[in-house]
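Shown next, in structure tokens, is the structure this report addresses.
The values are calculated or read from the model by the stated rules, or taken from the named source; none is laboratory data. Predicted model only: the values in this text are computed from it and were never measured. Positions of Cβ are backbone-derived with ideal geometry, glycine not excepted, and every protein chain shown enters the neighbour counts. These accessible areas exclude ligands, DNA and RNA; they are computed on the full protein's heavy atoms, side chains included. Shrake-Rupley method; radii C 1.70, N 1.55, O 1.52, S 1.80 Å.
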Amino acid sequence: QVQLVESGGGLVQPGGSLRLSCARSGNIFSTAFMGWYRQAPGKQRELVAQIPAGGGTNYADSVKGRFTISRDNAKNMLYLQMNSLKPEDTARYYCHTVASTHSTDVYRDYWGQGTQITVSS
């Protein structure tokens, strides 16, 4: 079983910064992707930032230049540094990974329960 737990959400003013953390646990055999999604009421869940197994990073155009995704494999942590936050960034943010485990050797999607980010003055 793979578990993801997000933390770091909260209320911030426009222009402020937050850093989200995602703790990953479980016996993971291989990882295809790790990243962050977000979903606001009435909107589709969208990819915010992602680290593919092959390297590099992917960002939504709306956050490019403001958000930075990073990971610490030794600590099994994934981070999202969010700067210059805008009201449009208000959403629930979800940690996500596509990974396989020793028990199945099948790639599956795993999601955290999310953490709320509200950007408001």
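Overview of results
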quantity	calculated
FRET efficiency, 1/(1 + (r/R0)^6) with R0 35 Å, evaluated for residue 17 and residue 108 via beta carbons	0.60
Model label zone, residue 7; criterion: amide N under 16 Å from point 7 Å along Cα-to-beta-carbon; scope the range 86-121	95, 112-116
Gyration tensor (alpha-carbon) shape descriptor, the chain, a/c threshold 1.5	prolate
Relative contact order (%) - criterion: Cα under 8 Å, at least six apart; region: the range 33-112	30
Segment residue 32-residue 70, length gained on full extension (0.36 nm per residue, minus Cα span)	12.2 nm
The chain, accessible area per residue, ligands and nucleic acids excluded (1.4 Å, Å²)	54
Solvent-accessible surface ranking, highest first, for 104, 118 at 1.4 angstrom	104, 118
Nearest-10 value in Å² for the accessible area of residue 64, using the 1.4 Å probe	120
Residue 53-residue 83 pseudo-label distance in nm [points 7 Å out on the Cα-to-Cβ vector]	3.2
Anchor residue 43: lysines whose Cα lies under 25 Å away (excluding residues fewer than 8 positions away in-chain)	64, 86
